Amino acid sequence: MVAMRTFALALVIGIAGCGGAQRGAAPARARFVITPDTARVYTDERFLGTGRVLDARPFETRTGTRRFTITADGYFPHDLEVELPSGTTTIELRLRPVPR
């Protein structure tokens, strides 16, 4: 019985320790340098801001793979998938104009 309680306590402490380590990880930040700087940036169908804003104040998120869609009137939309490590990742992009 004592061995079972000791095992259960060790298991709880081990699980709690793992959760704390993940929370302490540094966040990822995506900085966008886009032409035109009025382009709109979305992730998970959620508007994040314009290129101008996300150049000055990068989007903060968890580390890992993220998908972004960048749109601007008069330009072809652009979808990209980026692996974001801890720290700031700068994404430079020039949208192609739609021919008239």
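The values are calculated or read from the model by the stated rules, or taken from the named source; none is laboratory data. Remember, predicted model here, so these are calculated numbers, not experimental data. Virtual Cβ from ideal backbone geometry, glycine too; neighbours counted across all protein chains shown.
Before moving on, here are some points about what is shown:
- Boolean, Arg62 is at pLDDT below 95 and over 13 Å from Thr38 (Cα atoms): no
- Here Leu80 meets each of (1) of a type in the set (A, V, I, L, M); (2) touching a helix residue (DSSP H, G or I) at 6+ places or on another chain (Cβ under 9 Å); (3) within 13 Å of Phe32 (Cα to Cα) with one exception, condition (2).
- Scanning region 44-100 for residues that are surrounded by 11 or more Cβ atoms within 10 Å (Cβ to Cβ), over 19 Å from Ala26 (Cα atoms) and of a type in the set (Lys, Arg) yields a count of 3.
- Residues of region 52-78 that are among the basic types (Lys, Arg) and more than 14 Å from the chain's Cα centre (by Cα): Arg52 alone.
- Residue that is farthest from Leu93 (Cα to Cα) [pool: residues in region 24-82 that are among the aliphatic types (A, V, I, L, M) and in contact (Cβ under 8 Å) with a residue 60 or more places away in the chain]: Ala25
- Taken together, the residues in region 79-100 that are in a strand (DSSP E or B) and more than 17 Å from the chain's Cα centre (by Cα) amount to 2.
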